[in-house]
Amino acid sequence: MAIQLDHLIVPSHDPVAGAKSLAGLLDVPWQEAQGPFTPVYVNETITLDFADRDQFEPHHYCFRVSDAEFDAILGRIRAARIAYRSSPLGETDMQINRRLGGKNLYWQDTDGHLWEILTVSYARAESPPLITAGRTPTAP
């Protein structure tokens, strides 16, 4: 079996509000309580578990989506009047970045986390093959 990311903990001052907001923007299901977490079911293999924390550093989360999904999420971001920008740092320019022939944008939530959606992965464009000790590289 290939290694798969199963879930991530998203620290939050208000996990229910954070999970509900993200699930609404991505148009994915979520659950108010699953033990100590408020899960957002991003897809069949990845869950974001929002967890109540008093102190934490903000994180950056990125989703690669199709063009149609990008446009739908952008529509929901605009409808919710959430400020967004074309770069991870800098001013809120309400613009879409079109690097590598794709589209991407960033927004921050009330916990300070930076969220990103993109249609073309710049992280994988020139990455080396995955190599594990004693194993041969696996094709992406």
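If you scan the range 27-48, which residues turn out to be in a strand (DSSP E or B) and open to solvent by 20 Å² or more (accessible area, probe 1.4 Å)? Walk me through it before giving the result.
From the range 27-48, those in a strand (DSSP E or B) are 30, 34, 37-41, 47-48; that's our starting set.
Scanning the range 27-48 gives TRP30, GLN34, PHE37, TYR41, THR47.
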Can you tell me which condition MET1 does not meet? The list is (1) at pLDDT below 95; (2) under 13 Å from the mean Cα position of the chain (by Cα), and all the others hold.
(2)
For a quick check of your reading of the model, give me the residue pairs whose first member lies in the range 9-26 and is among the β-branched types (Val, Ile, Thr) and open to solvent by less than 10 Å² (accessible area, probe 1.4 Å), whose second is modelled with pLDDT of 95 or more and assigned to a helix (DSSP H, G or I), with beta-carbon atoms closer than 7 Å and at least 6 apart or on different chains.
VAL10/GLY18
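Could you tell me which of the residues ILE96, ILE73 is in contact (Cβ under 8 Å) with a residue 24 or more places away in the chain, in contact with a strand residue (DSSP E or B) (Cβ under 6 Å, 6 or more places away or on another chain) and either more than 26 Å from ARG124 (Cβ to Cβ) or not polar (S, T, N, Q) (or both)?
Details: ILE96 fails: in contact (Cβ under 8 Å) with a residue 24 or more places away in the chain.
Only one candidate qualifies: ILE73.
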Can you name every residue in the range 109-126 that is out of contact with any Asp or Glu (no Cβ under 8 Å at 6 or more places or on another chain), more than 18 Å from ALA19 (Cβ to Cβ) and assigned to a loop (DSSP other than H, G, I, E, B)?
VAL120, SER121, TYR122, ALA123, ARG124, ALA125, GLU126
Across the range 61-108, the tally of residues that are among the aliphatic types (A, V, I, L, M), open to solvent by 60 Å² or more (accessible area, probe 1.4 Å) and part of a helix (DSSP H, G or I) stands at 3
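The values are calculated or read from the model by the stated rules, or taken from the named source; none is laboratory data. Source: prediction; values computed, not measured. No Cβ is skipped: glycine too gets one built from the backbone with ideal geometry, and neighbour counts run over all protein chains shown. All accessible areas refer to the heavy atoms of the entire protein, side chains included, with ligands and DNA or RNA removed. Shrake-Rupley method; radii C 1.70, N 1.55, O 1.52, S 1.80 Å.
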